[in-house]
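The values are calculated or read from the model by the stated rules, or taken from the named source; none is laboratory data. Note that the coordinates shown come from a computational prediction; the quantities given were computed from them, not determined experimentally. Here Cβ is always computed from backbone atoms with ideal geometry, including for glycine, and neighbour counts include all displayed protein chains. Heads up: the accessible areas ignore ligands, DNA and RNA and are worked out on the full protein's heavy atoms, side chains in. Shrake-Rupley method; radii C 1.70, N 1.55, O 1.52, S 1.80 Å.
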Amino acid sequence: MAFTLSGDDVCHTISPTPITAPYWVAFSSSAAELIGLPLSADGFPKDKGWLDILAGNQTSSENHQFLEPKATAYSGHQFGMWAGQLGDGRAILLGEISGQELQLKGSGKTRYSRMGDGRAVLRSSIREFLCSEAMHALGMPTSRALAIVGSKQTVVRETLETLAVCARLAPSFIRIGHFEHFASLGSIDRLKELADLLIQDHYPECSNTNEPYLELFSAICKRNALLVAQWQAVGFCHGVLNTDNISALGLTIDYGPFGFLDYFQIDHICNHSDQGGRYAYHRQPQIMHWNMACLASAILPLIQLNHADEQAQTLLKSALDNFSVIYAQSWQSHFRQKLGLQINLDDDVQLIERLLQAMHDSRVDYTGFFRQLSQIKRTSAIKDISLRNQFIDRVNIDQWFTDYLTRLQSESCEDLERAQLMNKVNPKYILRNHLAQIAIEKAQKDDFSEINKLLEILSHPFDEQSENELYSMPPSSDVDYVSVSCSS
Ligand code: AMP
Ligand code: MG
């Protein structure tokens with residue numbers, strides 16, 4: 001719900017900077033439904049004024065008026081270092097509609113743009129648009145993408161590129177960085193206002209307790225622990241887990257150099273700029289925990305309102321320790337489901353870890369493997385399991401399959417039912433980088449059909465869609481590696 005804080009220290013009113021001759025590049029009817037926006041048969045809003053609204057050229061149309069667009073200030077830690085004040089440097093919050101904040105990303109400079117031009121290129125807007133909608137369909141808490149509006153206007157990146165504006169939605173775009181912002185300014189009253197706003201609008205369960213702020217901290221930790229466990233299970237790497245990119249609602253936000261795992265590599269780094277691998281796949285849980293520790297430091301003054309310093313720190317520390325417990329439980333639960341295991345046995349974790357190690361050693365396609373695993377019968381002969389051919393060390397994987405089939409004997413579920421359950425958690429279709437790249441290259445030549453095709457396929461990631469089989473495949477070896485880096 002609307003960002004109701006006001007004041008120079010946290011936001012300023014600013015209208016988007018218009019773009020020349022805007023046109024639709026993509027539109028999500030499913031996101032439009034979320035805000036009750038009526039569409040015509042062509043799949044675009046009935047109210048033609050929406051093109052200009054989402055381009056940032058108008059703040060009102062026939063039926064809608066956004067009275068006070070604004071950009072907000074936040075601060076944060078980037079790549080482990082305190083970065084000081086940041087803020088919406090290229091995103092402008094138009095206002096609220098049906099409980100969703102509507103933000104235009106790439107809509108021009110704000111007070112927080114620093115050296116940036118306030119713009120986003122078509123390429124990164126397509127990636128954010130498709131991934132937001134794909135993640136939603138995967139059941140992942142995420143900001144949504146309503147539309148991409150394009151223009152022939154260019155901006156300078158490594159080369160000259162056309163810009164675009166991506167309209168995105170979330171119940172709130174408040175980040176851990178907003179807490180760090182007020183904490184760094186020493187504004188305890190403002191910190192309290194921010195926490196109260198979140199509790200009132202998004203965490204009402206924390207309000208009638210003796211320790212609302214401690215409860216709020218625990219709840220934010222919990223949502224982010226559950227989120228990162230979901231990322232690990234589906235093989236999603238965010239790419240830039242700086243505290244300013246971490247949602248206070250536990251949503252996936254700020255899609256940039258993200259990447260889904262293709263061939264499994266436990267320490268895969270999806271962001272070209274992340275040379276040290278701080279945000280590698282296997283480090284995401286630990287980094288999210290670190291980000292929650294930053295939130296704990298920021299929120300400490302609110303806990304100190306009721307407690308002496310040492311006790312306040314102890315309380316926060318023990319709430320923070322819960323992150324690891326919640327994460328581990330959720331991770332295990334996801335991977336049990338991925339393997340089709342319903343009961344919990346002590347050796348399951350070892351079984352999961354042995355599999356991941358073997359997949360890493362042979363660089364097996366992550367999504368494809370789990371999807372095909374559901375085809376195995378309890379009575380399958382090991383030599384007939386075609387998946388074994390993807391592994392270099394056959395002795396090792398044969399032992400694993402033997403142990404897996406033995407483990408399945410402890411389950412009461414029949415093969416068919418198990419396969420159905422597994423196919424509800426192991427997607428067939430994910431937004432692989434090479435697929436996004438094809439859509440981008442076509443769009444750069446004004447052909448937007450592939451964006452729509454991907455949007456459609458990725459809206460049903462758990463369905464077989466046999467006619468789209470090719471879209472489920474990992475990149476073949478002759479496909480160029482797509483390198484993605486920060487802020488484009
Ligand atoms: P990101 O890595 O995309 O999350 O961006 C980090 C910070 O830089 C955020 O505060 C952004 O608003 C800001 N930023 C990124 N790109 C631009 C740009 N082109 N113009 C202005 N600010 C930007
Ligand atoms: Mg960001």
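Looking at (1) within 16 Å of ligand 1 (Cβ to nearest atom); (2) of a type in the set (D, E, K, R); (3) touching a Leu at 6+ places or on another chain (Cβ under 8 Å), which is the one condition that is false for residue 223?
Among (1) within 16 Å of ligand 1 (Cβ to nearest atom); (2) of a type in the set (D, E, K, R); (3) touching a Leu at 6+ places or on another chain (Cβ under 8 Å), the lone unmet condition for residue 223 is (1).
Determine the pairs where a residue that is away from ligand 1 (no atom under 16 Å from the Cβ), located within region 230-250, has a partner that is assigned to a loop (DSSP other than H, G, I, E, B) and among the aromatic types (Phe, Trp, Tyr) with Cβ atoms under 8 Å apart, the partner being 6 or more residues away or on another chain.
From residues that are away from ligand 1 (no atom under 16 Å from the Cβ), the pairs are 235/264; 236/258.
Residues being away from ligand 2 (no atom under 15 Å from the Cβ) and open to solvent by less than 10 Å² (accessible area, probe 1.4 Å): count how many of those fall in region 102-116.
Residues flagged as away from ligand 2 (no atom under 15 Å from the Cβ) and open to solvent by less than 10 Å² (accessible area, probe 1.4 Å) within region 102-116 amount to 2.
Contact list please: Cβ distance under 9 Å, first residue in region 366-384 and closer than 21 Å to residue 335 by Cβ, second residue part of a helix (DSSP H, G or I) and among the hydroxyl-bearing types (Ser, Thr, Tyr), pairs at least six apart or on different chains.
If the second residue must be part of a helix (DSSP H, G or I) and among the hydroxyl-bearing types (Ser, Thr, Tyr), the pairs left are 367/472; 368/472; 371/472; 372/386; 373/404; 375/386; 376/404.
Could you list all residues from region 44-72 that are free of Cβ contacts under 8 Å to residues at least 12 places away in the same chain and in contact with a Ser or Thr (Cβ under 6 Å, 6 or more places away or on another chain)?
Answer for region 44-72, where residues must be free of Cβ contacts under 8 Å to residues at least 12 places away in the same chain and in contact with a Ser or Thr (Cβ under 6 Å, 6 or more places away or on another chain): just 46.
Considering only residues of region 142-162 that are farther than 12 Å from residue 27 by Cβ and among the aliphatic types (A, V, I, L, M), which is farthest from ligand 2 (Cβ to nearest atom)?
Per the criteria, the residue is 160.
Is it fair to say residue 94 is under 21 Å from residue 3 (Cα atoms), more than 8 Å from ligand 1 (Cβ to nearest atom) and touching a residue at least 12 places away in the same chain (Cβ under 8 Å)?
In short, yes.
Would you say residue 24 is of a type in the set (Phe, Trp, Tyr) and surrounded by fewer than 16 Cβ atoms within 10 Å (Cβ to Cβ)?
Working: of a type in the set (Phe, Trp, Tyr): yes; surrounded by fewer than 16 Cβ atoms within 10 Å (Cβ to Cβ): no.
Criteria not met by residue 24.
Where the second residue is assigned to a helix (DSSP H, G or I) and of a type in the set (Gly, Ala, Ser) and the first is free of Cβ contacts under 8 Å to residues at least 60 places away in the same chain and within 18 Å of residue 355 (Cβ to Cβ) and lies in region 404-422, which pairs have Cβ atoms under 9 Å and are six or more apart or on separate chains?
none
Give the residue that is nearest to residue 335 (Cα to Cα), with candidates limited to residues of region 219-232 that are aliphatic (A, V, I, L, M) and open to solvent by 10 Å² or more (accessible area, probe 1.4 Å).
Looking at residues that are aliphatic (A, V, I, L, M) and open to solvent by 10 Å² or more (accessible area, probe 1.4 Å), I get 226.
Show the residue pairs meeting these rules: Cβ distance below 8 Å; 6+ apart or different chains; first residue within region 1-26 and without any contact (Cβ under 8 Å) to a residue 60 or more places away in the chain; second residue charged (D, E, K, R) and in a loop (DSSP other than H, G, I, E, B).
Qualifying pairs under 8 Å: 13/68.
Could you tell me which residue of region 71-97 is nearest to ligand 2 (Cβ to nearest atom), considering only residues that are open to solvent by 30 Å² or more (accessible area, probe 1.4 Å) and in contact with a strand residue (DSSP E or B) (Cβ under 9 Å, 6 or more places away or on another chain)?
Only one residue tops the list, namely 90.
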